[in-house]
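The values are calculated or read from the model by the stated rules, or taken from the named source; none is laboratory data. It should be emphasised that the depicted structure is a prediction, and the values quoted were computed from it without experimental measurement. Positions of Cβ are generated from backbone atoms using ideal geometry, with glycine treated the same way; all protein chains shown enter the neighbour counts.
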Amino acid sequence: MNLGRKGAIGGIVCLVGLSAAACSGGSASEVTVATAARGTIATDAGGQGTVAAGVDVPIALTVTDQVEGVNVLVGQHVSKGQTLLTVNPQPLLGRTAQLQAHLQHEESDLTHLQADVAAGRTAAALLPAMHDQEQTLQSQVILYSQLVGMAKGQKGTITSPIDGQVLAVNVRAGQITKSASTLVEIVDYHRITVTAELPVSAQPEVDPGDPARLTFAAVPGVAVTGTVSGVSPGAVNSGTGFEVTVDAPNAAGLQVHPGYQAYVQVSYRSQGGAVVRLMAVLNIDLAPTIFVVQGDTVWLRRVQVGAQDGSDVQIVSGVQPGEHYVLVGDENLASGDHVHVTGNAGALGGTSG
């Protein structure tokens with residue numbers, strides 16, 4: 001009888017005077033916590049692209065014309081001034097004003113670019129890409145000067161505006177060409193460019209001048225370091241990505257050819273929000289959540305994740321710097337559970353600042 005009363009009284013005391021976690025029927029879960037930190041995630045974003053030559057010069061006419069001779073083959077190395085094509089100059093006669101307008105436009109673009117470089121308005125990291133663009137514009141000026149000469153009655157010979165390699169020949173002797181179609185393509189790929197799509201989450205952090213790494217399936221083991229030379233202002237692929245262009249020196253021996261597939265990795269540092277340990281975020285790929293500790297109770301919060309590296313992840317929203325979260329022991333927790341904090345790892349993750 002006395003034992004029964006003691007058991008009943010003990011049960012009442014347990015329910016009223018103590019938390020449920022302290023009762024013998026269900027003790028609080030033991031957890032280790034950490035503190036969400038203010039910091040920076042050093043990470044990278046990657047995507048696929050196709051290699052293009054740093055200097056790419058398409059040879060085209062502004063009129064329908066007949067090609068009388070083709071003097072080069074695909075893969076052939078050519079020198080500046082070497083004859084590529086001979087064409088019938090007759091269709092160009094009388095088009096001096098039109099061709100002169102094209103020439104002046106190319107000359108104007110070239111002058112503006114050279115002025116920007118001379119005035120120091122181009123960042124040092126972007127100068128190699130600007131020099132490639134300058135050479136491309138100079139090539140167009142040379143080509144239009146040749147066409148203007150034909151329009152004034154000179155012979156119909158088109159010569160290479162650069163030292164380079166023949167990437168494509170799309171015409172044969174005796175063929176009638178269409179206006180503006182590329183007849184021959186000359187490239188210089190001592191430097192290369194790659195345009196690739198990266199995850200849109202990295203767009204606010206990637207800027208022209210950032211370093212980038214390029215690798216190539218066609219040449220395993222070869223990697224080159226380049227520079228982001230352009231970042232698209234808008235999103236692509238239904239808003240999931242954005243485009244960057246990377247300029248880089250070719251590998252030794254020009255091992256990387258135009259048309260190769262490249263994998264682009266752009267390193268960046270992401271700031272803002274809070275940084276937590278990656279292992280603390282549950283269901284990160286579908287609906288990321290994290291257990292936040294308030295007193296002796298945990299609450300499951302939905303969070304938005306940002307950049308991540310091998311061990312840390314940026315929380316864009318859902319957790320604030322300074323809040324405590326469950327680092328170890330969340331396997332059997334539910335929102336509202338009482339916990340017993342057995343360890344506090346403090347602020348973890350990220351680079352301060």
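A compact table of results
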{"read-out": "Complete set of residues in the stretch 213-254 that are aromatic (Phe, Trp, Tyr) and in contact with a Gly (Cβ under 9 Å, 6 or more places away or on another chain)", "value": "PHE242"}
{"read-out": "Subset of the stretch 64-80 (residues that are hydroxyl-bearing (Ser, Thr, Tyr) and modelled with pLDDT under 95)", "value": "THR64"}
{"read-out": "Any hit, the stretch 96-103, residues being surrounded by fewer than 17 Cβ atoms within 10 Å (Cβ to Cβ), among the small types (Gly, Ala, Ser) and either closer than 22 Å to VAL228 by Cβ or free of Cβ contacts under 8 Å to residues at least 60 places away in the same chain (or both)", "value": "yes"}
{"read-out": "Search result, residues across the stretch 180-210 that are surrounded by fewer than 16 Cβ atoms within 10 Å (Cβ to Cβ) and over 30 Å from PRO91 (Cα atoms)", "value": "HIS190, PRO199, PRO204, ASP207, GLY209"}
{"read-out": "The one condition in (1) more than 26 Å from VAL169 (Cβ to Cβ); (2) exposed (fewer than 13 other Cβ atoms within 10 Å of the Cβ) that ALA125 fails to fulfil", "value": "(2)"}
{"read-out": "Failed item, numbered, when GLY69 is tested on (1) in contact (Cβ under 8 Å) with a residue 40 or more places away in the chain; (2) surrounded by 16 or more Cβ atoms within 10 Å (Cβ to Cβ)", "value": "(2)"}
{"read-out": "Of all residues in the stretch 287-298 being among the hydrophobic types (A, V, I, L, M, F, W, C) and modelled with pLDDT of 95 or more, the one that is nearest to GLN314 (Cα to Cα)", "value": "ILE290"}
{"read-out": "Which numbered condition ARG172 fails, given (1) over 10 Å from the mean Cα position of the chain (by Cα); (2) among the charged types (D, E, K, R); (3) part of a strand (DSSP E or B)", "value": "(3)"}
{"read-out": "Candidate set: the stretch 240-286, residues that are more than 23 Å from the chain's Cα centre (by Cα) and farther than 14 Å from ALA307 by Cα; chosen: the one modelled with the lowest pLDDT", "value": "LEU286"}
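Residue-by-condition table, conditions (1) touching a helix residue (DSSP H, G or I) at 6+ places or on another chain (Cβ under 8 Å); (2) surrounded by 21 or more Cβ atoms within 10 Å (Cβ to Cβ); (3) on the phi > 0 side of the Ramachandran plot; (4) without any contact (Cβ under 8 Å) to a residue 12 or more places away in the chain:
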residue	(1), (2), (3), (4)
VAL266	yes, yes, no, no
GLY272	no, no, yes, no
ALA287	no, no, no, no
PHE291	yes, yes, no, no
ASP296	yes, no, no, no
GLY322	no, no, yes, no
ALA345	no, no, no, no
